[in-house]
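First comes the structure, then the notes that go with it.
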Amino acid sequence: MNRLMMLHFKKVIGHLLVWLAWLSIQVYFLVLANQKIDVKTIFQLVGHCIELALLIYFNLYVLVPLLLDRKKYVVYTLSVLGSLLIVSFASIHVDLGITQSKDYLSHVVGAGFYFLVGTFIGLFHRSVSLNKKLREQQLIAELDLLKAQVNPHFFFNSLNSIYSISLVNPEKTSAAILQLSELMHYMFKVTQLNTIPLQQELEYISHYIHLEKERFGDKCDASIEVTGPIDAVQIPPLLLLPFVENAFKHGTEVATAHSFVRIDMAVQQNEFFFQVSNSIGDQLQTKPGSGTGLKNVKKRLDLLFKDKHDLQLVSEHAVYIATLRLQLN
């Protein structure tokens with residue numbers, strides 16, 4: 001059973017439970033009134049329940065979308081009154097044995113009361129659902145914008161790397177351009193996805209590090225250490241790359257001596273740990289998290305994980321450390 005069918009199934013079960021609760025309350029009131037509970041009484045209550053359900057669902061799924069949402073208020077009001085009168089007339093005058101009272105007016109008033117309560121609850125629930133969908137659409141739009149900003153940021157940094165390679169080692173330029181092309185193809189592909197395997201993101205980061213090592217050569221030591229079962233972990237695409245970009249751009253790129261970039265990644269139970277450490281020169285005074293890429297990452301983390309993440313950015317003893325912890329589902 002797919003997710004959509006499961007949601008519809010849960011919705012149907014929820015409605016059935018509501019009507020079962022209504023029947024139980026009616027029986028309880030009859031018991032308090034010392035009235036006899038027999039098969040005929042139960043049949044009458046079930047019939048009245050079906051009558052109210054038809055009225056309420058006909059209003060919520062037919063009259064509201066076709067008339068009320070289109071601001072046809074007069075026609076909508078007449079249709080509601082007509083539905084109440086017709087259903088009440090049929091339940092009293094058609095001998096179905098489902099109505100105890102033969103008082104037409106009291107029946108219309110009683111049905112109208114439950115009709116209004118049920119309709120109000122239904123419209124309130126629909127309003128909540130619509131607001132939720134709107135927030136989800138706004139969230140998706142904002143996330144798409146943030147992911148789109150990752151591409152030019154990465155592309156600009158990579159072009160700088162290739163330019164540096166061309167100055168130092170021109171014969172490696174063509175290979176670097178080819179590798180950048182593959183990386184960009186990967187980026188355009190994964191930005192269409194909500195999540196990707198962590199292993200896939202790791203491979204992408206490894207290719208990026210290889211491109212940077214071609215640029216810096218022996219000037220920089222870059223390493224990755226992975227522990228734990230990462231195969232089954234899914235994460236949002238391109239969430240980790242900005243930390244690695246930041247390490248090279250604000251660490252190795254401005255270093256005058258030997259530098260390093262160290263990446264540690266671990267999965268333990270339901271937590272994902274990711275840390276990037278890089279050396280920085282004494283002359284570099286960068287405020288932690290001040291880069292465009294990291295600002296975007298912070299926004300994405302707030303939108304996607306809310307209080308299920310912890311990001312620490314620390315600069316001390318000529319070392320910049322970015323530490324991210326995510327709670328996994």
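Couple of notes before you dig in:
- Residue pairs whose Cβ atoms lie under 6 Å apart, sitting 6 or more positions apart in sequence or on different chains, and linking a residue in segment 283-305 that is more than 22 Å from S259 (Cβ to Cβ) to a partner that is surrounded by fewer than 18 Cβ atoms within 10 Å (Cβ to Cβ) and modelled with pLDDT of 75 or more, are L301/H309.
- Identity of the residue in segment 44-96, without any contact (Cβ under 8 Å) to a residue 24 or more places away in the chain and small (G, A, S), that ends up farthest from G110 (Cα to Cα): S79
- The residues in segment 27-44 that are out of contact with any Ser or Thr (no Cβ under 9 Å at 6 or more places or on another chain) and closer than 30 Å to L78 by Cβ can be counted, and the count is 0.
Residue by residue, here is whether (1) touching a residue at least 60 places away in the same chain (Cβ under 8 Å); (2) not β-branched (V, I, T) holds:
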site	(1), (2)
I205	no, no
E212	no, yes
F216	no, yes
S223	no, yes
T227	no, no
Q234	no, yes
L241	yes, yes
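- Tallying residues that are under 22 Å from N194 (Cβ atoms) and part of a strand (DSSP E or B) within segment 311-329 yields 5.
- When residues of segment 10-34 are limited to those that are among the polar types (S, T, N, Q) and in a helix (DSSP H, G or I), the one surrounded by the fewest Cβ atoms within 10 Å (Cβ to Cβ): S24
- Some residue of segment 200-217 being within 17 Å of T323 (Cβ to Cβ) and not in a helix (DSSP H, G or I): no
- Matching residues in segment 108-117 - criterion: being touching a Phe, Trp or Tyr at 6+ places or on another chain (Cβ under 9 Å) and closer than 14 Å to I50 by Cα: Y114
- Taken together, A232, A247 contain a single residue that is in the same structural domain as I280 (by TED's automatic domain parsing) and in contact with a strand residue (DSSP E or B) (Cβ under 7 Å, 6 or more places away or on another chain), which is A247.
Here's the yes/no breakdown for (1) touching a helix residue (DSSP H, G or I) at 6+ places or on another chain (Cβ under 9 Å); (2) surrounded by fewer than 16 Cβ atoms within 10 Å (Cβ to Cβ); (3) modelled with pLDDT under 85; (4) within 23 Å of H309 (Cβ to Cβ):
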residue	(1), (2), (3), (4)
E201	yes, no, no, yes
I205	yes, no, no, yes
Y208	yes, no, yes, yes
C220	yes, no, yes, no
I224	yes, yes, no, yes
A232	yes, yes, yes, yes
P237	yes, no, yes, yes
N246	yes, no, yes, yes
G251	no, no, yes, no
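The values are calculated or read from the model by the stated rules, or taken from the named source; none is laboratory data. Note that the structure is predicted; figures quoted are calculated from it, not measured. Here the Cβ is made from the backbone with ideal geometry for all residues, glycine too, and neighbour counts use every protein chain on show.
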